[in-house]
Each structure stands twice: as structure tokens, then as C-alpha cells.
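Data block below; observations after.
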Amino acid sequence: MLIRVFYEDTDVGGVVYHSNYLNFCERARSQLFFDAGRSPILEGGHFVAKHIEADYLKSAKFGEVLEVKTTLLEIKNASFRLLQEIFRGDEKVFVMTIDLVYIDFAGKMAKIPSEEKAFLTAL
């Protein structure tokens, strides 16, 4: 997914503020669902972040176009792990792994529905 860095994404020096890399990755995860005609909010529940490990490798700046690439690393009954990388051209500027857990609308961890598990496995 391509993302343009807007003024609102940066600090006073025009450098992307650290938390916005997480926002860019969140948008890319949602876009995976939207591109497939789906919603990341499911009938019985939704996914929440459980654990994130992030490395800030280079600074992105105002006006740049970044690409977020997402790869499924592992899927279990109630959770999955993604690798998300942000590139400026061929240069990697940010990388993170994120563990997401499926919870029902009562807030309890639940088994990922089989249709959603098949969708995620195809990533």
C-alpha cells in the first residue's frame, strides 16, 4: 500500500513522528481487507494488537511516498503474526512484527472464524 507523508504526520522538523509508522501499518492491514471486499470488523468480533516489536531504521519525511508491505508469518487458532515493512523506494525505513488476537464483542479471545483464517492464510 502506498502512503504519502502529509504535514500532519510529521514533527516540527518535517520528520515522520514515531507513532505514525504504526498508523501507516494499521491502514495497510485494514486495506488488505478492503481490497478483498471485506471489513476488518467481523460479524462476531475483531482483531486487536497483543504484541508489537518495531525498529525505526531511517527517517521518513514530509512529502515522501512510502510503501507498506505486509507478510503473514504465523497463524494459530485465535491469533496471527504479521511482518510489516515500510519502504521509501528500495530503502527500508521501518520494520515491525505484530501479534493480533481475535476477540468477540464481549471482549473475550475466541477462535478465528474459518473463512477469515482462510483469507489470512492466503496473504
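The length gained on full extension between Leu73 and Thr121, counted as 0.36 nm times the residue separation minus their Cα-Cα distance, comes to 16.3 nm. Rounded to 0.05, the FRET efficiency of the Leu2 and Lys61 pair, given R0 = 22 Å and the Cβ-Cβ distance, is 0.90.
If you count Lys pairs in the chain whose Cα atoms are under 19 Å apart, skipping same-chain pairs closer than 8 places in sequence, the total is 13. Compactness of the chain was expressed as the Cα radius of gyration divided by 2.2 N^0.38 Å, which yields 1.12.
Sequentially through segment 72-84, phi angles give Karplus couplings (6.51, -1.76, 1.60; θ = phi - 60°) of 6, 9, 7, 9, 10, 5, 10, 8, 8, 10, 10, 9, 10 Hz, Gly and Pro residues having no value and appearing as x. A helix-only calculation puts the chain at -6500 deg cm²/dmol for mean residue ellipticity at 222 nm, using -39500 (n - 2.57) for each DSSP H run of at least four residues, averaged over all residues. Using only alpha-carbon positions in segment 1-62, the gyration tensor eigenvalues give semi-axes of 26, 14, 9 Å once each is multiplied by 5 and square-rooted (largest first). Inter-part distance, segment 91-105 to segment 1-32, computed on C-alpha centroids, equals 15 Å.
Every number here is computed from the coordinates shown, using simple stated rules; none is lab data. On a predicted model such as this, the values are computed, not experimentally measured, just so you know. Positions of Cβ are generated from backbone atoms using ideal geometry, with glycine treated the same way; all protein chains shown enter the neighbour counts.
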